[in-house]
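K.L.:
Here it is, the structure in full.
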Amino acid sequence: MPFDPHSLVYDAKGLIPAIAQDHATGEVLMLAWMNAEAVARTLASGRVTYWSRSRAAFWEKGATSGHRQRLVEMRLDCDRDCLLLLVEQLGPACHTGRRSCFFTAIRDGAEAEISTPEG
């Protein structure tokens with residue numbers, strides 16, 4: 001049976017969280033949002049496309065920065081309300097220039113920066 005992006009469970013704004021993970025290392029890179037059209041565009045092109053909540057527009061990851069994400073595999077969680085995108089990440093995933101958006105840890109009750117911008 002063909003996959004239908006509309007079969008996913010979206011929130012009241014028509015969005016679903018999408019976690020990007022490096023397909024080779026398992027590193028969690030970022031979390032962003034998709035709507036049914038972004039899911040369809042991603043599957044059709046192989047280039048990960050998100051929905052920008054702040055700009056209210058489609059956002060193909062890396063279209064302006066060159067730090068693209070190529071989709072290797074899309075996975076659905078058991079409730080169909082969250083996506084896991086296994087990607088090939090070209091360059092940093094975070095807009096701060098870091099490999100991952102998850103560069104702050106809570107250690108001993110304080111925030112600790114655990115990575116620095118690339119390059």
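K.L.:
Whether any residue in segment 24-33 is surrounded by 14 or more Cβ atoms within 10 Å (Cβ to Cβ), of a type in the set (D, E, K, R), touching a residue at least 12 places away in the same chain (Cβ under 8 Å) and in a strand (DSSP E or B) is what I want to check.
P.N.:
Checked segment 24-33: no residue is surrounded by 14 or more Cβ atoms within 10 Å (Cβ to Cβ), of a type in the set (D, E, K, R), touching a residue at least 12 places away in the same chain (Cβ under 8 Å) and in a strand (DSSP E or B).
K.L.:
What tally of residues in segment 34-51 results from selecting those that are in contact with a His (Cβ under 8 Å, 6 or more places away or on another chain) and either over 18 Å from Lys13 (Cβ atoms) or surrounded by 20 or more Cβ atoms within 10 Å (Cβ to Cβ) (or both)?
P.N.:
Total satisfying the criteria: 0.
K.L.:
Could I ask something else about it? Is it true that Cys94 is touching a residue at least 40 places away in the same chain (Cβ under 8 Å), out of contact with any Asp or Glu (no Cβ under 9 Å at 6 or more places or on another chain) and crowded, with 17+ Cβ neighbours inside 10 Å?
P.N.:
Criteria met by Cys94.
K.L.:
Out of the residues in segment 1-10 that are part of a loop (DSSP other than H, G, I, E, B) and either touching a residue at least 40 places away in the same chain (Cβ under 8 Å) or not charged (D, E, K, R) (or both), which is nearest to Leu71 (Cα to Cα)?
P.N.:
Of everything passing the filter in segment 1-10, Phe3 is nearest to Leu71 (Cα to Cα).
K.L.:
Could you check, for segment 34-43, whether at least one of its residues is charged (D, E, K, R), over 27 Å from Glu113 (Cβ atoms) and free of Cβ contacts under 8 Å to residues at least 40 places away in the same chain?
P.N.:
Yes, the conditions are met somewhere in segment 34-43.
K.L.:
Arg47 - would you say it is touching a strand residue (DSSP E or B) at 6+ places or on another chain (Cβ under 9 Å), without any contact (Cβ under 8 Å) to a residue 24 or more places away in the chain and either within 24 Å of Ser115 (Cα to Cα) or charged (D, E, K, R) (or both)?
P.N.:
no
K.L.:
With polar (S, T, N, Q) and surrounded by 12 or more Cβ atoms within 10 Å (Cβ to Cβ) as the only criterion, which of Ser54, Ser115 stands out?
P.N.:
Step by step, each of Ser54, Ser115 is checked, and only Ser115 is polar (S, T, N, Q) and surrounded by 12 or more Cβ atoms within 10 Å (Cβ to Cβ).
K.L.:
For segment 61-91, enumerate the residues that are out of contact with any His (no Cβ under 7 Å at 6 or more places or on another chain), without any contact (Cβ under 8 Å) to a residue 40 or more places away in the chain and of a type in the set (A, V, I, L, M, F, W, C).
P.N.:
Ala63, Leu71, Met74, Cys78
K.L.:
Something else: Just one of Leu83, Leu8 is more than 13 Å from the chain's Cα centre (by Cα) and surrounded by 14 or more Cβ atoms within 10 Å (Cβ to Cβ); which is it?
P.N.:
The conditions single out Leu8.
K.L.:
So which residues in segment 34-76 are of a type in the set (Ser, Thr, Tyr), over 12 Å from the mean Cα position of the chain (by Cα) and not in a loop (DSSP other than H, G, I, E, B), if there are any at all?
P.N.:
Ser45, the sole residue that qualifies.
Throughout, read-outs are computed from the coordinates displayed, never taken from laboratory work. Computed from a prediction, not measured in an experiment: that's the story for all the values here. As a convention, Cβ positions derive from the backbone with ideal geometry for all residues, glycine included, and neighbour counts pool all protein chains shown.
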